[in-house]
Amino acid sequence: MYHFDFIYSGKFGISSVRYCNIFATEMNQINQAAQLLWDSSNHKKTIPPVRSIITATDIDAAYAVQKINIQKRIDNGERVIGKKIGLTSFAVQEQLGVDQPDYGILFESMQVKNGGQLPFTDLMQPKAEAEIAFKIGKDLNGDVDISDLIDAIEYATASIEIVGSRVENWDIRITDTIADNASASHFVLGDNHINIDQLDLPNCSMSMTKNGKIASEGMGSACMDNPLNAALWLAQVMAKNGTPLQAGDILLSGALGPMVPIEKGDNFEATIQGLGSVTIQIN
C-alpha cells in the first residue's frame, strides 16, 4: 500500500499547501506510469522504464502503480487466484540494490493447462523459469510464522512461470518490475500434488529443457535458501498490508535457476526432484 502521509510528514517542515502540491504531483506521476504500462500491455508495444517517472527507489509508488492496473483488470472481470514472488535470488537483489523480494498478482487468465499451448503473440519479451508452486489451504491472518505457513500449505507442485516485461529491452530496476506487476505474464502448474513433508525443498534439484536440450538447472536453495522463506516473506507482508493470503491461493515461490528466453515454437519441460514434470508449448 502507498503510505504517502508517512513519507511526507510534518517533521520535514512541509506546509499543508506544499503537502497538497506534492501529493498531487506524486499521484499524477503514479497515474501516468500506470497508464503507460496499461497501454503497453494492451497494444503489445514496449515502453521506456517507468522509473523515469516514479524514480528508481520509490517502492511504495511502484506498488501504487501496480495496484491501479490490478484494479482495472478486476473491474474488467478478471479473477485473482494467487500471488507470485519475484527477486528471490540474493544475487539479483544485490544487483538491483534491494534487500527483499517483490510480489505480483496472478489472474485466472494467466494460467495455462499442463502440456497446453500458449500463443507467442500473447507475450512480451518472454522468458521461462522453473519454480515450486504452493497451494494455500488455510487463511493466513495475523502474525504469521513458519509453523503457520507450513500448516497452511495444502501441497506443492512443479511450475513454469512465463515472465514478460512491458519495459523495452528488460531495462528494469526494482520500481520498474514492481509497477509492471512483478513482470508477470503466464504460468503452468504440474499435475502432481505433493505434501511438503515429503520434500527436501532446499536440496531438490531442477532441470528445464528447451526443445529437448537442457537450458536451465538449479535447486531449491536458489530461492532465498529455501522456497518456504520466500513464501513466508509474502505471507507476512500480505498480512501486514491487510490483504492476507487466503485458502485457495496459488503461490509461485521464485525461480530455481536462470531464466531462459522464449521464441515462437519453443517447447519447455521442467522437472523438479520429488515433484515430477510440467510442460508448455509456445505456438
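The values are calculated or read from the model by the stated rules, or taken from the named source; none is laboratory data. The model shown is predicted, which means the values in this text are computed figures rather than measured ones. Ideal geometry is used to build each Cβ from the backbone, glycine not excepted, and the neighbour counts take in all protein chains shown.
To keep it simple, each residue is scored yes or no on (1) acidic (Asp, Glu); (2) closer than 13 Å to ALA158 by Cβ; (3) under 17 Å from the mean Cα position of the chain (by Cα); (4) crowded, with 16+ Cβ neighbours inside 10 Å.
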{"residue": "ALA184", "(1), (2), (3), (4)": "no, no, yes, yes"}
{"residue": "LEU189", "(1), (2), (3), (4)": "no, yes, yes, yes"}
{"residue": "ILE194", "(1), (2), (3), (4)": "no, yes, no, yes"}
{"residue": "GLN198", "(1), (2), (3), (4)": "no, no, no, no"}
{"residue": "ALA215", "(1), (2), (3), (4)": "no, no, no, yes"}
{"residue": "ALA222", "(1), (2), (3), (4)": "no, no, yes, yes"}
{"residue": "ALA231", "(1), (2), (3), (4)": "no, no, yes, yes"}
{"residue": "LYS264", "(1), (2), (3), (4)": "no, no, no, no"}
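Can you report the number of residues in the range 165-174 which are at pLDDT 95 or above and buried (at least 21 other Cβ atoms within 10 Å of the Cβ)?
3
Give the range 239-253 a look and list any residue that's in a helix (DSSP H, G or I) and under 14 Å from LYS138 (Cα atoms), or say none. First the steps, then the outcome.
Of all residues in the range 239-253, those in a helix (DSSP H, G or I) come to 239-240.
Result: ALA239, single match.
In the range 164-192, which residues are closer than 20 Å to THR88 by Cβ, in a helix (DSSP H, G or I) and not polar (S, T, N, Q)?
Selection gives TRP170, ILE174, ASP176, ILE178, ALA179, ALA182.
Enumerate the pairs (first residue in the range 234-249 and surrounded by 13 or more Cβ atoms within 10 Å (Cβ to Cβ); second residue anywhere and among the acidic types (Asp, Glu) and assigned to a loop (DSSP other than H, G, I, E, B)) with beta-carbon separation below 6 Å, excluding pairs fewer than 6 apart on the same chain, so at least 6 apart or on different chains.
Close Cβ pairs (under 6 Å, with a partner that is among the acidic types (Asp, Glu) and assigned to a loop (DSSP other than H, G, I, E, B)) amount to GLN246/ASP139.
Look through GLU154, GLU131 and report the one residue that is within 23 Å of ASP249 (Cα to Cα), crowded, with 23+ Cβ neighbours inside 10 Å, of a type outside the set (Gly, Ala, Ser) and at pLDDT 95 or above. Walk me through it before giving the result.
On the way: GLU154 fails: crowded, with 23+ Cβ neighbours inside 10 Å.
It is GLU131.
Might you check whether a residue that is at pLDDT 95 or above, crowded, with 18+ Cβ neighbours inside 10 Å, out of contact with any Leu (no Cβ under 7 Å at 6 or more places or on another chain) and part of a loop (DSSP other than H, G, I, E, B) occurs anywhere in the range 269-277?
The answer is yes, given that some residue of the range 269-277 is at pLDDT 95 or above, crowded, with 18+ Cβ neighbours inside 10 Å, out of contact with any Leu (no Cβ under 7 Å at 6 or more places or on another chain) and part of a loop (DSSP other than H, G, I, E, B).
Could you run through the range 32-64 and say how many residues are within 19 Å of the chain's Cα centre (by Cα) and of a type in the set (D, E, K, R)?
Residues in the range 32-64 being within 19 Å of the chain's Cα centre (by Cα) and of a type in the set (D, E, K, R): 3 in total.
Sort out which residues of the range 99-119 are in contact (Cβ under 8 Å) with a residue 12 or more places away in the chain and farther than 24 Å from ILE74 by Cα, and write them in order of number.
Filtering the range 99-119 down to residues in contact (Cβ under 8 Å) with a residue 12 or more places away in the chain leaves 100-119.
Result: GLN100, PRO101, ASN114, GLY115, GLY116, GLN117.
Could you check, for the range 75-98, whether at least one of its residues is assigned to a strand (DSSP E or B), surrounded by fewer than 17 Cβ atoms within 10 Å (Cβ to Cβ), of a type outside the set (S, T, N, Q) and free of Cβ contacts under 8 Å to residues at least 60 places away in the same chain?
Pass one, the range 75-98, residues assigned to a strand (DSSP E or B): 80-86.
Checking the rest, the ones that are also surrounded by fewer than 17 Cβ atoms within 10 Å (Cβ to Cβ) come to 80-81.
If we keep only those that are of a type outside the set (S, T, N, Q) too, we end up with 80-81.
Next cut, free of Cβ contacts under 8 Å to residues at least 60 places away in the same chain only: 80.
Looking for residues that are assigned to a strand (DSSP E or B), surrounded by fewer than 17 Cβ atoms within 10 Å (Cβ to Cβ), of a type outside the set (S, T, N, Q) and free of Cβ contacts under 8 Å to residues at least 60 places away in the same chain, one finds at least one in the range 75-98, hence yes.
Output yes when any residue across the range 23-34 is in contact with a strand residue (DSSP E or B) (Cβ under 9 Å, 6 or more places away or on another chain), of a type outside the set (Phe, Trp, Tyr) and in contact (Cβ under 8 Å) with a residue 40 or more places away in the chain, and no when none is.
There is no residue in the range 23-34 that is in contact with a strand residue (DSSP E or B) (Cβ under 9 Å, 6 or more places away or on another chain), of a type outside the set (Phe, Trp, Tyr) and in contact (Cβ under 8 Å) with a residue 40 or more places away in the chain.
Considering the range 194-217 alone, what residues qualify as being assigned to a loop (DSSP other than H, G, I, E, B) and either free of Cβ contacts under 8 Å to residues at least 24 places away in the same chain or not acidic (Asp, Glu) (or both)?
Residues of the range 194-217 assigned to a loop (DSSP other than H, G, I, E, B): 195, 199-204, 211-212.
Within the range 194-217, ASN195, LEU199, LEU201, PRO202, ASN203, CYS204, ASN211, GLY212 qualify.
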